Structures are given as structure tokens and as C-alpha cells.
């Protein structure tokens with residue numbers, strides 16, 4: 001007899017304190033001896049999580065009006081350029097924007113300092129108008145002084161990601177970390193069997209409106225993320241073997257905790273930000289139970305040469321092999337190292353599990369599911385003539 005559960009039935013059990021909640025690692029272990037049907041019968045929610053660099057992130061801030069008022073047309077936060085093309089005192093600061101006088105410090109650091117309640121220097125300029133006569137302001141802000149401050153990230157929580165190696169004789173400095181020459185190391189990012197979109201590869205329970213843990217507080221999935229690519233190559237189980245779907249997410253920055261959002265600087269590459277995301281997956285039927293039972297030995301990802309233009313693919317490996325500390329590519333054994341934190345991902349999954357068990361969190365049915373047949377377009381390099389079109 002097949003088991004089917006509704007979101008409302010699961011939330012009722014959460015409210016009553018009778019729901020069975022497991023982390024993705026725990027259900028993967030359970031699946032060694034239990035069938036998907038048995039798991040669907042026994043388990044109500046599986047918690048997933050990831051904690052890694054997510055460059056396509058940033059924050060909207062409303063500073064409030066000064067007296068006299070100013071229409072901000074150039075904005076700097078601790079010397080970091082913030083976007084000025086919104087209303088008079090609104091801005092968006094991107095995580096990877098940098099202070100030109102200190103390229104190791106950027107928007108990610110500003111965001112972290114605001115979360116921590118620190119003062120941030122604000123300097124802004126405007127041309128002066130009849131309704132906004134002021135032309136300059138130099139002051140400080142913090143999370144208590146501003147009106148709104150919320151994280152809005154266009155691309156987070158990649159569904160799988162590549163392994164990076166470098167076949168050249170020269171060290172390469174990348175967003176996947178420092179890659180040693182002649183394939184002397186390999187780096188990887190995804191949290192494997194804990195990763196949210198690998199536990200729901202067909203996005204049956206994750207869509208617009210999904211309630212998530214982000215940065216230490218509650219947030220939501222608001223749209224498919226940028227570079228949302230669902231037609232990537234998949235394995236025999238339908239799981240992408242390279243970077244595929246992504247999420248656009250939102251959450252209240254004032255409620256976040258810098259334990260789960262941390263600024264980072266990659267040598268000779270630039271500033272990034274580490275974001276912690278946890279997603280509860282409701283076990284509504286045996287198919288979802290089968291999906292959340294996936295383990296590291298079953299999840300493959302692609303090894304790409306980041307040292308060569310075009311990043312050619314060199315092979316595929318499993319997350320079990322990556323976690324062992326060594327993989328083999330083209331007959332060469334290579335040391336592996338994560339550029340994301342499995343320990344943090346485990347902590348988020350456990351914390352989300354605890355919140356669900358205590359009735360402090362619940363599962364939210366998407367108001368709209370994501371498209372299933374999307375691909376990416378490439379930017380064309382076309383020479384544009386002066387004074388006219390291409």
C-alpha cells in the first residue's frame with residue numbers, strides 16, 4: 001500500500017510534537033535496511049543543509065532620510081561601492097563588491113559587520129534637487145539605525161557542483177581556492193548527501209514560497225536562481241552530475257547570525273560570502289523517500305580542469321571518493337579538500353531538525369513549482385562599431 005501525506009498532515013504532526021524528523025545523513029543510513037515505502041511510512045521530514053561560498057548574494061538596505069534630505073547618487077559603505085540606482089535612500093550592496101583601497105575587504109564584510117551590530121561608515125553624494133537639496137552626507141549606520149535590511153540572493157544552493165583541478169604547470173587562483181600545478185590537489189564544494197537540491201533533484205517539494213533556514217533565521221525561496229539549468233547531464237538516477245538548478249532566496253538580515261554568514265577572501269581572486277542554508281523536505285510519498293535516501297556513494301560530480309580555457313571535463317567521481325581524501329583522475333591520484341564546511345552544514349541540518357521537533361519551524365508547500373526544461377545562453381562576443389550597432 002503506497003503512502004501519501006499532505007503538507008497539512010505533516011504540519012499537524014509537527015505542531016503536536018509527534019512528527020519524525022531525520023537529517024539527510026540519518027535517513028541515508030536508515031535506507032541501508034529500510035525500503036522507500038517503509039521510510040515514507042515512518043519519516044515525516046528530512047532536513048538538508050549546505051554552507052559554502054555563494055558569490056551571487058547581497059543585501060537591500062533603507063537608510064532612512066536625513067534632515068535635510070538627500071537623493072543618494074553615489075554610495076559607499078566602509079568604502080565599498082553600493083548600488084545607487086534605486087529610491088533616494090535605498091541601496092543594494094553586493095557581496096563581491098570591494099573597497100578599491102583595500103581589495104581584500106568587500107560587501108560580504110560589510111554585511112557580516114551589520115549582522116554583528118557593528119557601526120558601518122556611510123558616505124553618499126547627490127547633485128541636489130528641489131525636493132532633495134542635500135549634496136553630501138557622512139555618517140554611520142548599524143542594524144538598529146536603518147529601517148529595513150534584508151538579504152536577497154539571486155543564486156544560492158547550487159544543485160551539485162564541479163570538482164576543480166589544474167593540469168597546467170602554473171598555480172591558479174580561483175573561486176574554488178588555490179589550485180596547485182600538475183593536478184596536485186582537487187577542491188570541491190557541495191555537501192553531498194546533505195545538499196538540499198540533491199535530495200530533491202526533480203524539485204518536487206522545493207519551489208517559490210518554500211520556507212527555509214538561511215543565515216540563522218527563517219527565509220524563503222522566491223524564484224529560480226540565476227543560471228538555473230535543469231537540462232544538465234544526469235546519472236542513471238536522474239541526478240545532475242554538474243552544476244544545475246539554483247535558488248533565489250530572501251531573509252531578514254537583522255535576525256541573522258554571523259555564525260551562518262561569513263565573509264571570505266580568496267587569494268588573487270576576490271571577496272565572497274559563505275551562506276548557510278537549510279531546507280526541510282517533507283516525505284510526502286515513497287518517491288520522495290527514495291530521493292532523500294541518496295548517499296555519497298551514489299552521487300557523482302564532474303572533474304573539470306580550471307587551468308585550461310573552457311574548463312574541459314576530465315572525468316567523474318563520487319562524493320564518497322572525494323570525502324576519502326583522494327581521487328584518481330587519468331591514472332593520477334590527487335588529494336582532495338572541500339571549500340565548503342561539512343561541519344557547518346551538519347550543524348544547520350541538526351538545528352533545523354531541532355526546530356521542527358519543537359514546533360518552531362514547519363514545511364511550506366510551494367505556491368509554484370519551478371520550470372523543468374531550462375538551459376543556459378552564452379554571452380556572444382560581438383565587436384560594436386563606434387557610433388552605431390554591431
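The values are calculated or read from the model by the stated rules, or taken from the named source; none is laboratory data. Quick caveat: nothing in here was measured; it's all calculated off a predicted structure. Don't worry about glycine lacking a Cβ; one is built from the backbone with ideal geometry, like all the others, and counts go over all protein chains shown.
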Matching entry among 246, 231, 242 (being closer than 28 Å to residue 373 by Cβ and either buried (at least 22 other Cβ atoms within 10 Å of the Cβ) or within 12 Å of the chain's Cα centre (by Cα) (or both)): 246
Residue satisfying condition, being more than 30 Å from residue 185 (Cβ to Cβ) and modelled with pLDDT under 95, within set 288, 382: 382
Identity of the residue in the range 351-361, surrounded by 19 or more Cβ atoms within 10 Å (Cβ to Cβ) and in contact with a helix residue (DSSP H, G or I) (Cβ under 9 Å, 6 or more places away or on another chain), that ends up farthest from residue 8 (Cα to Cα): 353
Qualifying position, being in contact with a helix residue (DSSP H, G or I) (Cβ under 6 Å, 6 or more places away or on another chain), farther than 11 Å from residue 78 by Cα and not assigned by TED's automatic domain parsing to the domain that holds residue 256, among 117, 94, 126: 94
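So which of 365, 383 is part of a loop (DSSP other than H, G, I, E, B), outside the structural domain of residue 276 (by TED's automatic domain parsing) and touching a residue at least 12 places away in the same chain (Cβ under 8 Å)?
Answer to the check: 365.
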Lone unmet requirement of (1) touching a residue at least 60 places away in the same chain (Cβ under 8 Å); (2) under 21 Å from residue 169 (Cβ atoms) for residue 333: (1)
Subset tally (residues that are assigned to a loop (DSSP other than H, G, I, E, B) and either within 18 Å of the chain's Cα centre (by Cα) or crowded, with 17+ Cβ neighbours inside 10 Å (or both)) for the range 84-114: 6
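So which residues in the range 130-146 are more than 14 Å from residue 87 (Cα to Cα) and touching a residue at least 40 places away in the same chain (Cβ under 8 Å)?
Across the range 130-146, the qualifying residues are 133, 134, 135, 136, 137, 139, 141, 143, 145, 146.
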Verdict on residue 81 being modelled with pLDDT of 95 or more, assigned to a strand (DSSP E or B) and surrounded by fewer than 16 Cβ atoms within 10 Å (Cβ to Cβ): no
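Right, residue 51: within 21 Å of residue 142 (Cα to Cα) and either assigned by TED's automatic domain parsing to the domain that holds residue 276 or within 23 Å of the chain's Cα centre (by Cα) (or both) or not?
Taking the combined requirement at face value, the residue does not satisfy it.
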Spans of strands (runs of 3 or more DSSP E) in the range 115-203 with at least 1 residues surrounded by 21 or more Cβ atoms within 10 Å (Cβ to Cβ): 120-125, 148-156, 163-165, 172-174, 177-179, 186-188
Members of the range 21-34 that are in contact with a helix residue (DSSP H, G or I) (Cβ under 8 Å, 6 or more places away or on another chain) and more than 21 Å from residue 347 (Cβ to Cβ): 31, 34
